[in-house]
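Here the structure comes first, spelled out in structure tokens, and everything after it is commentary.
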Amino acid sequence: MWLLDANMDVHLTSVLVDFGIAAECAAARGWNALSNGQLVTAAVEGGFDCLLTRDRLFAESASRALRLHSNFAVILINLPQQRWPEYRRTFLRAWASCPITPQPGCLIEWPIR
């Protein structure tokens, strides 16, 4: 199950579900005020195995939590911030070119530039 950080568009959950990926937003769980490390811990305890975020500093603040939770992956989304319809189109084009493949215990950037 994938978790979308508070900085991700909530509409993306439906796109992921269409791909057969169970997904929820951090805010829906009341986790939008957690620090990055706390969010990783809460996500792992909540049954999530992947987090999508736009936060470039996430790796620094969550690195300890990632070491503690080696089955969890963080995906740094490198897409421009846009209104939902355009963001959806951009996301789908990037996915068609290279679907997200979480790597447990790692932070990876997607799409790769």
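What follows is calculated from the coordinates using simple rules that are stated; it is not laboratory data. Keep in mind that this is a model prediction, so the values were computed, not measured. Glycine also receives a Cβ, built like all others from the backbone with ideal geometry; neighbour counts cover every protein chain displayed.
The figures follow:
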read-out	value
Integer Hz, Karplus 6.51/-1.76/1.60 couplings in order for region 33-48, x for Gly and Pro	9, 6, 5, 4, x, 5, 5, 4, 4, 4, 5, 4, 5, x, x, 7
Distant-in-sequence amide H partners of Leu52 (H built 1.01 Å from N, under 5 Å)	Leu3, Leu4, Asp5, Ile75
Ranked packing of 85-98, 22-35, most packed first, by mean Cβ within 10 Å	22-35, 85-98
Karplus-derived 3J(HN,Hα), 6.51/-1.76/1.60, for each residue of region 98-113, Hz, glycine and proline x	7, x, 5, 10, x, 10, x, x, 10, 9, 10, 9, 9, x, 5, 8
Angle in degrees between helix 58-68 and the longest Cα principal axis of the chain, rounded to the nearest 10	50
Which labelled figure in (1) 20; (2) 16; (3) 62 is percent of Cα pairs over 23 Å apart, once derived from the coordinates	(1)
Derived scalar couplings ³J(HN,Hα) [region 24-32; Karplus, 6.51 cos²θ - 1.76 cosθ + 1.60; whole Hz; x for Gly, Pro]	9, 9, 4, 4, 5, 8, x, 9, 5
Computed FRET value (nearest 0.05) for Gln81 with Ala28, which takes r as the C-beta separation and R₀ as 22 Å	0.60
Relative contact order computed over the chain (Cα-Cα under 8 Å; 6+ residues apart), in percent	25
